[in-house]
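Structure first, commentary second.
The values are calculated or read from the model by the stated rules, or taken from the named source; none is laboratory data. Everything numeric here is computed off the predicted structure, so don't read it as measured data. All Cβ positions, even for glycine, are placed from backbone atoms using ideal geometry, and neighbour counts span all protein chains on display. Accessible surface areas use protein heavy atoms only, side chains included; no ligands, DNA or RNA. Shrake-Rupley method; radii C 1.70, N 1.55, O 1.52, S 1.80 Å.
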Amino acid sequence: MNQVDSISILAMRDTGPAPEAAITRDLVKHGLIAAPVLIGGSAAIWGTNGALSCGYGIVIVLANFTIAALLVTRAARISYALMMAATLFGYIFRLALVSAAIFFVRNLSWVELLPLGLTIIISHIGLLFWELRYVSLTLAFPGLKPKLKNSQSTFSTQDESTV
Amino acid sequence: MEALARIAKVAAAAGASAADAKNNAAAGSAGFAYGLAAIGPGIGIGLIFGSAIESMARQPESAGMVRTTMFLGIAFTEALALIGFVVFILLKYA
């Protein structure tokens with residue numbers, strides 16, 4: 001059995017720069033740019049309560065992206081198998097967190113459910129499409145991609161790290 | 001639909017008012033919709049991650065690119081579950 005056959009996907013890990021962290025930083029940056037527009041629109045339609053609910057919805061969406069990136073990044077440094085578990089169970093975990101974040105505040109006086117729900121959907125999908133434009137461009141034209149400090153291949157396996 | 005009708009019949013038989021029966025049916029259908037909305041993205045995320053792992057195993061040097069598209073794909077898939085959840089919240093509480 002040669003060395004390639006002996007490397008298991010369960011033992012593989014990635015110690016390089018995490019693309020999820022970069023994407024999430026961009027998403028949060030874009031979210032903070034879009035937040036005043038969304039909050040202003042909600043304030044114009046639903047008043048102060050709508051603006052507060054909209055702000056809360058944006059916080060939920062950005063926190064959801066951040067937790068997802070943290071889970072995947074940390075797990076990928078340990079092993080791809082753990083990354084798989086973090087991705088699949090993280091989906092359920094984050095869905096539960098979003099549910100709890102709404103259920104606990106739904107009866108408060110400043111919460112308007114319609115702007116809160118609309119903000120979650122619109123900001124989640126809108127931010128992803130905004131980010132997708134940038135990612136599609138850098139995939140199509142890799143020369144446009146910003147250079148990272150440690151841009152050389154940093155892929156490794158646990159077999160190599162133990163040698 | 002049969003389950004909803006049965007829920008409505010049981011509520012009516014128990015002496016509940018028509019409004020209560022309607023509320024029960026709405027709550028049941030909202031929970032049913034939320035459950036259905038969470039199944040699809042779960043399957044989708046599994047498929048995305050399975051393909052990503054296969055790609056990274058075949059071409060480890062492209063892991064960064066694969067993880068980028070994987071993360072965005074998962075986030076897009078998850079939007080379906082969020083839409084289902086928001087519809088559930090609006091049907092149930094708004």
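Overview of values
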item: A:Thr15-B:Glu2 FRET efficiency (beta carbon distance; Förster radius 51 Å; 0.05 resolution); result: 0.40
item: Largest to smallest accessible area among B:Phe76, B:Phe32, A:Phe93 [probe 1.4 Å]; result: B:Phe32, A:Phe93, B:Phe76
item: Accessible area in the full protein assembly, largest first, 1.4 Å probe, for A:Arg13, B:Arg67; result: A:Arg13, B:Arg67
item: For residues of B:81-87, the mean tally of beta carbons on other chains within 10 Å; result: 6
item: Residues in region B:64-94 that a label on B:Ala33 would reach, taking backbone N under 19 Å of a point 7 Å out along Cα→Cβ; result: B:78-94
item: Carbon and sulfur %, accessible surface of chain B computed with the full protein complex present, 1.4 Å; result: 67
item: Distant alpha-carbon pairs in chain B (separation over 19 angstrom), percent; result: 57
item: Debye, to nearest 20: dipole size of chain B, +1 on Lys, Arg Cβ, -1 on Asp, Glu Cβ; result: 240
item: Under-5 Å amide H pairs with A:Glu112, H placed in peptide plane, nonlocal only; result: A:Ser53
item: Residues of region A:108-127 with amide N under 20 Å of the 7 Å Cα→Cβ point at B:Val87; result: A:113-126
item: Calculated FRET efficiency for the pair A:Ile125/A:Phe103, C-beta based, R₀ 30 Å, to 0.05; result: 0.85
item: Heavy atoms of B:Lys9: accessible area, 1.4 Å probe, square angstrom to 10; result: 150
item: Taking region B:2-93 and dividing mean pair separation by its residue count, relative contact order in percent (alpha carbons under 8 Å, at least six apart); result: 36
item: Contact order relative to length of region A:17-136, as percent, for alpha carbon pairs under 8 angstrom and 6 or more apart; result: 36
item: Gained length - A:Ile45 relative to A:Arg77, 0.36 nm times residue gap less alpha-carbon distance; result: 7.0 nm
item: Computed over region A:17-136, Kirkwood Rh from alpha-carbon pairs, angstrom; result: 15.1
